[in-house]
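Peer 1: After the structure tokens below, expect a handful of questions from me.
The values are calculated or read from the model by the stated rules, or taken from the named source; none is laboratory data. Note that the coordinates shown come from a computational prediction; the quantities given were computed from them, not determined experimentally. Cβ sites come from the backbone with ideal geometry, for glycine too, and all protein chains shown count toward neighbours. SASA here: full protein model, heavy atoms, side chains in, ligands and nucleic acids out. Shrake-Rupley method; radii C 1.70, N 1.55, O 1.52, S 1.80 Å.
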Amino acid sequence: MKKFNIRKVLDGLTAAAASSSSQPGQRPPDTDIPESLCSEHFQLCKTVRHGFPYQPSAMAFDPVQKILAIGTQTGSLRLFGRPGVECYCQHDSAAGVIQLQFLVNEGALVSALADDTLHLWNLRQKRPAILHSLKFNKERITFCHLPFQSKWLYVGTERGNVHIVNVESFTLSGYVIMWNKAIELSSKTHPGLIVHISDNPMDEGKLLIGFESGTLVLWDLKSKKGEYRYSYDEAIHSVAWHHEGKQFVCSHSDGSLTIWNVKSPIKPAHIITPHGKLPKDGKKPEPCKPILKVEYRTCKSGDPFIIFSGGLSYDTVGRRPCLTVMHGKSTAVLEMDYPIVDFLTLCETPYPSDFQEPYAVVVLLEKDLVVVDLGQNGYPIFENPYPLDIHESPVTCCEYFADCPVDLIPALYSVGAKQKRQGYSKKEWPINGGNWGLGTQSYPEIIITGHADGSLKFWDASAITLQVLYKMKTSKVFEKSRNKEEKPNTDIVDEDPYAIQIITWCPESRMLCVAGVSAHVIVYKFSRQEVTTETIQMLEIRLHYEINDLESPDTEQVPSLVTSCQGPNSQTANSQSHPSTSSSSSDGLRDNVPCLKIKSTPLKQGAGYQAEVVIQLVWVNGEPPQQISSLAVNSSYGLLVFGNCNGIAMVDYIQKTVLLNLGTIELYGSNDPYQRQPKSPRKTRQASGGMLTVTSCMCGLSSLYSESVKRLRSSYLSLCDINEGSTTLDDRCKSPTSGSTSSCNSEDEQKMPNFIERVKNKSRKFSKTVVSDIAKMSRKLSLPTELKPDLELGDGSKGRDQHLNHQPEEMKQLKNNIWSMTSLCAHFFNVRDNSFSRSRSSSVTSIDKESREAITALHFCETYTRKADTCTSPCLWVGTTLGTVLVIVLNLPPGGEQRLTQPVIVSPSGTILRLKGAILRMAFLDTTGSLINPAHEPWREPNVPEEKDDKDKCRKLRPVSVSPSSSQEINETQYAVICSEKQAKVISLPSQNCIYKHNITETSFVLRADIVGLNGSICLACFCANGHIMTFSLPSLRPLLDVNYLPLTDMRIARTFCFTNNGQALYLVSPTEIQRITYSQGTCENLQEMLGELFTPVETPEAPNRGFFKGLFGGGAQSLDREELFGESAAGKPSRSLAQHIPGTGGIEGVKGAASGVAGELARARIALDERGQKLSELEERTAAMLYSADTFSKHAHEMMLKCKDKKWYQF
């Protein structure tokens, strides 16, 4: 009987659904393009977490293993060893961690949570897990203490009782220290909760218990009674022992330290208020802030250290949190940047009864981890090797790049090494436990984070590690106001005006573009040499858009193809080196003013990324510029494009000119399906100060149409609706921008073919002359000011019309006709081929949304721009929030000197594609299904003059994009992959037929979509707002993975989530941490080998030598048989209702039970083989030792036999 396979049935249903979604008459090319990816290649799991633990609350250190553990208020654990060895764990309850205790050199950790639960973590595996849990039901846990080399944990509670837990079985002992037995019988009040528990370093049978009220009890464990009781008026925060066990020090809420002799409980031996002012009359010092923690560490050759946090005087308003180090007569106050959460002193020995010899202090701050070197003068700090400064300024965006060029990380590291600060300790980082993993991944990975202060950080993320490579500040190019009075009123945000919103980076050419929150864009080039820029080139763009109501002011006139959005000046870009002065209109509104002011002084730019040009959107009629929503750059074309909710702007950053500046509606021309009409142009307003207004070749053309062209086009706009197929006469006569139906008769139908022929002929003649004419015009416009005989400085009173009167008549006529004719020709091709549907997206229901159609996706490529194309050409694909994709054709001059002088010609193609939801991502596949990467320039040092031969060589190697008319004809099919918030489509080019379509989600929407490479193939990866992570094959869009991973609980996740190649992804899980995940099955299987090991076999140091006299007279540390005291035979059974034991899954049995599938079986087999091999090697060694011992014994027996052979019995 044939075996039934449900997976084949599901695959068949998926393929049937995909084929049914393709358009009729098209044969899906699934047989032509084999797809190697299948669902078995995908598996989702977390890999590593980087950054500083968010909201830390507790800390512990293993002095033998050299491992640091940090707990947080959200129940997470972060463990740190040597640089590159990190681990993240999470408690299921997500309750805050109140205390951590290591089982020193045992590979285990005890965590106490705010929900009164104790957990025992197994650290002997690469992914720590919980072995046991103990839930307290009746009492709240306040403090825990685990003596060195002991298996009995002391637990203090809010009621003042002390319970004892066996950490091996995680069960309670029947031995309980009740608060009413600990305090004096004469005391009538409750002493409060327990804040401290510790045993005497020299006598393990004496337990010091500290209550919040100021009472301390030295409890004798054997006699079960209090031996000494100490009282002080102020509340106790912490206690620390002297290593000899004869003294201890307490910190109090009034900022004082009390030092007590153990056998003198009446009053403290010394009372110190380190930061209190001593009055002249000899009274008590003024009270200070509480000393939250104190540690007392001794040295064999020198004075002891008393280290504490807090205790500052109340009159030190505004002073930063401090850590005070008292050593002999010197007192050092170390100021910290953030409040102190906890600190630990690192000592040479783990034994509390020996001289500790402290060498460092680990200080856990709210947002940082600082390690202070106690062995050097001035107490310098160690340079932190962990990536804990991700949040140095809040992260606003991030990008992830896998499989980068191999020379990129060394280049960034070389320039970043020059930025390192000085003054760190010269010693090695003291937290150096664990071992690195043996990862097999060798491809370079880079993460870029953008921050609120305008800075960017480049991180080396290879092999699941993270190390900062290079830092840069984008705010260096702007003038900074020293105080609030100097702050200009042009800011569109109150705080962080330099915050980074979008990062676009080309790893191959090393071109970098960033868009900021103040509607500014900066283009950077990478250089290894330091330069001083005299003046930074700046372009100011007036990009504004307004919409009239649906009623047209003139019902007889149909809106023209491209109409002015904001008067003639809306298409004006101001090119200048220095910032413009503030300009106001006649009614006092702010106008033509950028949000930020460029530095006017020379700017010294170090090696690394150096600003090339700054682009700013300006205020328009009192309205601030809208923030940038999309950004793209292409190093091969030398072009930068960005868009917002008003429109789109394109900049040639090589020639420093603006090529395109249009409202979104103007990109449609007459094909706009939403019947939007811009408002009538206002009067031109220009910046004061005699600023030169430079009009680019394609900038401002829409506002210069002649009335004849408008009338011509309005008479024949019905052409744009002619379709092949069964289109009715009434439908053909409807204008796409007017809701009315115009009358059509037979005479018009007879004239239509003649008109089409005339348009064809005119377009052919026009295309022959337009390129040369525009080149001449642009060469004039790009000349320096002193070389422009036909251009004069624009005056605010004269306006742009007067400025145009001085231009040659043919140039004005050319400007007035180029865009209209090119658009009209493009629409002729669109007439026959584009079956555009005017139905609105179901997700858009308001006119306001239509009028605010934002640019959401931009993609440079070299592909087919129209249906009739037989060759590819450079173009820009534009996606909007309404699900529209528009194509703009780019005519690029050849490389070399011509690229510096001849203009780039931008023209519409007329191609319009539609999807449901806002467009998120676009990509292109070749005829084999491989990804077509955008063209790019190889990186060359920009600040080194090239030799002539090298220049010629570079020009020959430089990719040259040519116009379609001169391209060679090719018949290869390409595929456009377009993903929106709701669906994905694969469109065949040049036919523009949708061959595959998949509705990704109906109830939610896609937040991030990327086309990524995996296992030598490509796929579409999506992250939805409902938490689902999905992948789809390309080009067939078969679902390969769908996992409900993480619901969107914070906009931070939506802003920072990104996919990259080789199955990697990341997002900002908290304000201070980056979570990396993988959706690759191969990476999940190899993850165990890639992770580092926290526990390594290390011998525990020998106990301190007691010495002859101490051993003779009993002066050394006294041990205690706790098993005899706390065991069930002596202490009895504990109360069952007090605590509940919960078994964990961290043991070997738990690991074996949790593992499943082939990967789990292989892992278990590998572990078993390793264990067997280890046991076999041990057995072999033992066997060899036994053989040697037997051989030695045989020799000795033989010698004895020979010696005693001839002796009589009486001779023995």
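Peer 1: Using amide H atoms built 1.01 Å from N in the peptide plane, name the residues 5+ places from Q149, or on other chains, whose amide H lies under 5 Å from its own.
Peer 2: So Q149 has HN proximity to V104.
Peer 1: Here's something else I'd like to know. Residue-wise, which Karplus ³J(HN,Hα) couplings in Hz belong to region 1040-1055, taking 6.51 cos²θ - 1.76 cosθ + 1.60, θ = phi - 60°, and x for glycine or proline?
Peer 2: With coefficients 6.51, -1.76 and 1.60, one gets 10, 8, 8, 10, 7, 8, 8, x, 6, 9, 8, 5, 4, 5, 4, 7 Hz.
Peer 1: Using the Karplus curve 6.51 cos²θ - 1.76 cosθ + 1.60 with θ = phi - 60°, what ³J(HN,Hα) values do you get for each residue of region 343-353, in whole Hz, with x for Gly and Pro?
Peer 2: Karplus values, whole Hz, x for Gly and Pro: 8, 9, 9, 8, 10, 6, 10, x, 7, x, 8.
Peer 1: List every residue whose amide H lies under 5 Å from the amide H of L208, counting only residues 5 or more places away in sequence or on a different chain, with H placed 1.01 Å from N in the peptide plane.
Peer 2: Those qualifying (amide H under 5 Å, at least 5 residues apart or on another chain) are S198, D199, N200, W219.
Peer 1: Here's another thing I want to ask about it. Carbon and sulfur: what percent of region 372-479's accessible surface (1.4 Å probe)? Present the calculation step by step, with values, prior to reporting the outcome.
Peer 2: Working: 2380 of 4640 Å².
Looking at region 372-479 in its full context, I get 51 percent from C and S.
Peer 1: Continuing with the same structure: Which pairs in the list K224/K300; K289/K329; K66/K151 are over 25 Å apart, alpha-carbon to alpha-carbon?
Peer 2: K224/K300
Peer 1: How much solvent-accessible surface does R1055 expose, in Å² to the nearest 10, with a 1.4 Å probe and all protein chains in place?
Peer 2: Taking all protein chains as shown, R1055 has close to 110 Å².
Peer 1: Now for a separate question. So how do 1036-1047, 1118-1129 stack up, highest first, on mean other-Cβ count within 10 Å?
Peer 2: In descending order of packing, they fall as 1036-1047, 1118-1129.
Peer 1: Now, a different point. Rounded to whole Å, give me the distance from the Cα center of region 850-905 to that of region 208-238.
Peer 2: Region 850-905 and region 208-238 have Cα centres separated by 79 Å.
Peer 1: Tell me, what is the FRET efficiency for T601 and S1017 to the nearest 0.05, using R0 = 51 angstrom and their Cβ-Cβ distance as r?
Peer 2: Calculated value: 0.45.
Peer 1: If you don't mind, there's one more thing I want to ask. Using amide H atoms built in the peptide plane, which far-off residues or other-chain residues are under 5 Å from I67 H to H?
Peer 2: Placed amide hydrogens put D62 under 5 Å from I67.
Peer 1: State, to one decimal in nm, how far the label point of E1085 lies from the label point of E1002, with both points 7 Å from Cα in the Cβ direction.
Peer 2: Here the modelled spin labels are 3.7 nm apart.
Peer 1: Suppose accessible area is computed on protein heavy atoms with a 1.4 Å probe; arrange R510, R590 from highest to lowest.
Peer 2: Values: R510 10, R590 65 Å².
From most exposed to least exposed: R590, R510.
Peer 1: Residues in region 291-314, backbone N under 20 Å from the label point at K329 (7 Å along the Cα-to-beta-carbon vector): list them, ranges by number please.
Peer 2: 299, 301-307
Peer 1: With θ set to phi - 60° and the Karplus curve 6.51 cos²θ - 1.76 cosθ + 1.60, what are the ³J(HN,Hα) couplings of region 300-312 in order, to the nearest whole Hz, using x for Gly and Pro?
Peer 2: With the stated coefficients, region 300-312 comes to 5, 10, x, 6, x, 9, 10, 10, 8, 10, x, x, 6 Hz.
Peer 1: So the label point goes 7 Å from the Cα of Q1140 along Cα→C-beta, right? Which residues of region 139-176 then have their backbone N under 14 Å from it?
Peer 2: What the label zone holds, given the 14 Å backbone N cut-off, is 139.
Peer 1: How many nm separate the modelled label positions at E479 and E530, each set 7 Å beyond the Cα in the direction of the Cβ?
Peer 2: Distance between the two pseudo-spin positions: 2.6 nm.
Peer 1: Out of the total accessible area of region 115-222 (probe 1.4 Å, heavy atoms of protein only), what percent is carbon and sulfur?
Peer 2: 48
Peer 1: If packing is taken as the mean number of other Cβ atoms within 10 Å per residue, what is the order of 442-449, 859-866, highest first?
Peer 2: The peptides rank, most packed first, as 859-866, 442-449.
Peer 1: With the crude spin-label approximation of a point 7 Å out along Cα→Cβ, what separation in nm comes out for R1172 versus I271?
Peer 2: Calculated label separation equals 7.2 nm.
Peer 1: Can you work out the FRET efficiency for the pair E1102 and E244, with r the C-beta to C-beta distance and R0 = 25 Å, to the nearest 0.05?
Peer 2: Calculated transfer efficiency: 0.80.
Peer 1: Let me ask something additional. Once the piece of chain linking E40 and L1187 is laid out straight, how much longer is it, given 0.36 nm per residue of separation minus the C-alpha distance between them?
Peer 2: Separation in residues times 0.36 nm, less the Cα-Cα distance, equals 407.6 nm.
Peer 1: Next question. Please list V944, V878 in order of solvent-accessible area, largest first, computed with a 1.4 Å probe with all protein chains present.
Peer 2: So, going from the largest accessible area down, we get V944, V878.
Peer 1: Let me check I have the definition right: for region 384-467, take the eigenvalues of the Cα gyration tensor, multiply each by 5, take square roots. What are those semi-axes in whole Å, largest first?
Peer 2: Result for region 384-467: semi-axes of 21, 20, 14 Å.
Peer 1: My understanding is that a pair violates if its Cα-Cα distance is over 29 Å; which of K656/K867; K367/K480; K181/K284 do that in this structure?
Peer 2: Distance filter (> 29 Å) returns K656/K867; K181/K284.
Peer 1: Taking a ≥ b ≥ c as the square roots of the eigenvalues of the Cα gyration tensor of region 105-229, is the shape rounded (a/c under 1.5), prolate (a/b larger than b/c) or oblate? Spell out each step's value before the answer.
Peer 2: Working: a/c = 2.44, a/b = 1.69, b/c = 1.44.
It is prolate, given that a/c is not under 1.5 and a/b is the larger ratio.
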